[in-house]
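The values are calculated or read from the model by the stated rules, or taken from the named source; none is laboratory data. It should be emphasised that the depicted structure is a prediction, and the values quoted were computed from it without experimental measurement. So basically every Cβ, Gly included, is an ideal-geometry build from the backbone, and we count neighbours across all protein chains shown. Just so you know, the surface numbers come from the protein's heavy atoms only, side chains and all, with ligands and any DNA or RNA stripped out. Shrake-Rupley method; radii C 1.70, N 1.55, O 1.52, S 1.80 Å.
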Amino acid sequence: MNHMSHTVVRTEGLVKKYRRYKKKEGIRGSIVSLWKRDYEEKIAVNQIDLSIEEGEFVGLIGHNGAGKTTLIKMLTGIIAPTEGTIDVLGYYPNDLKNEFKKQYAVVMGQKSQLFFELTVNDTLRLFKEIYEIPEREFQENKNYFVDLFGVKDLMDVQVRTLSLGERMKMELIVALLHNPRILFLDEPTIGLDAVASRQIRRFLKEINEQRGTTIILTSHYMEDIKALCKRTVVINHGIKIYDGATEELFEKYQRNKRVTVTFGNPAGDFVPKTYTAVLAEADSHKKIYEVSKQYAKELLSELMEHEPEDIVVEEEEIGVVVERIYQEGKP
């Protein structure tokens, strides 16, 4: 591998097929299937070419079942590809060599790698032993992350008593203790409140910029992708349909804003002159409008005349944007 360019991930024509066994319904089907089994092939990842340079922060988006998790499982060696070439940090991931495992980390929002009965301190010690981190390096890293996250007062607390946001911080600290070159993140802010999500994002940005850690992030939250990833890869039915600047992707496909308004007195028949769609009326005092980006200002100034108690403006959800990309093909 050419280390001049420091490509840390390279795949060419990467394919993962699953054979799924199809059983006919009922008892008769079960009996017949003892002799004759029908299989159907499912292609989870289809001919993906991907190249990621050291220090990049890449977003990976797509529907559930689009192939994102399968791709990450191949990059980390959990499953082997069916076809194609794959090289991560100069290794074929599925060989699962120890030197390879020590150079990356995976954090999944849905799945914890912490030990719930232990205190945070003891959990970190345990990972120090697993990764054979020298004492001095361990102390330096631990102090760096504890300060960065401001979690000094949680060190002697049992992991099971942590809030979801605190636990996520610990997942990241544990993952980063051994200075991995690549960090794979699967939905790290799932279920977190706005404050915790913001802290996690700030932390990830810092790790990427200060330590040069390459980060690959899958998320359903627009904010995560927009705030962190300069580059986004979109996968649909196992095929890579977009790979480029995040900004361009959203410029083109994120067309509307959602405006939620709470009025002091019942809004009644108030219909804005600005062209909008009313998505929902939560109650007589509250309405949710959808407005295309270029008219958002007009709508807001119109709403302000009615002296609302509260206005919240949000970007469209990532699902809507991805849906639009899928329907309209490649940008």
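Quick one: is residue 203 touching a Phe, Trp or Tyr at 6+ places or on another chain (Cβ under 7 Å), of a type in the set (Phe, Trp, Tyr), in a strand (DSSP E or B) and open to solvent by less than 30 Å² (accessible area, probe 1.4 Å)? Spelling it out, it is not the case that residue 203 is touching a Phe, Trp or Tyr at 6+ places or on another chain (Cβ under 7 Å), of a type in the set (Phe, Trp, Tyr), in a strand (DSSP E or B) and open to solvent by less than 30 Å² (accessible area, probe 1.4 Å).
Here is the figure for region 224-257: residues that are within 23 Å of residue 53 (Cα to Cα), out of contact with any helix residue (DSSP H, G or I) (no Cβ under 7 Å at 6 or more places or on another chain) and either open to solvent by 30 Å² or more (accessible area, probe 1.4 Å) or assigned to a helix (DSSP H, G or I) (or both) total 7. The single residue among 28, 19 that is basic (Lys, Arg), farther than 21 Å from residue 234 by Cα, assigned to a strand (DSSP E or B) and open to solvent by 50 Å² or more (accessible area, probe 1.4 Å) turns out to be 19. Please determine whether any residue of region 313-331 is modelled with pLDDT of 80 or more and not in a loop (DSSP other than H, G, I, E, B). Scanning region 313-331, I find at least one residue that is modelled with pLDDT of 80 or more and not in a loop (DSSP other than H, G, I, E, B), so the answer is yes. Going by the structure shown, is residue 147 out of contact with any Phe, Trp or Tyr (no Cβ under 8 Å at 6 or more places or on another chain), under 15 Å from residue 172 (Cβ atoms) and free of Cβ contacts under 8 Å to residues at least 24 places away in the same chain? So residue 147 passes the test. Residue pairs whose Cβ atoms lie under 6 Å apart, sitting 6 or more positions apart in sequence or on different chains, and linking a residue in region 104-125 that is farther than 23 Å from residue 208 by Cβ to a partner that is of a type in the set (Lys, Arg) and exposed (fewer than 15 other Cβ atoms within 10 Å of the Cβ), are 116/160. Starting from region 204-216, take each residue that is within 21 Å of residue 243 (Cα to Cα) and list its partners that are open to solvent by less than 10 Å² (accessible area, probe 1.4 Å), counting only C-beta distances under 6 angstrom and pairs at least six apart or across chains. Short answer, once both residue conditions are applied: 208/215; 213/183; 213/207; 214/8; 214/182; 215/183; 216/58; 216/184.
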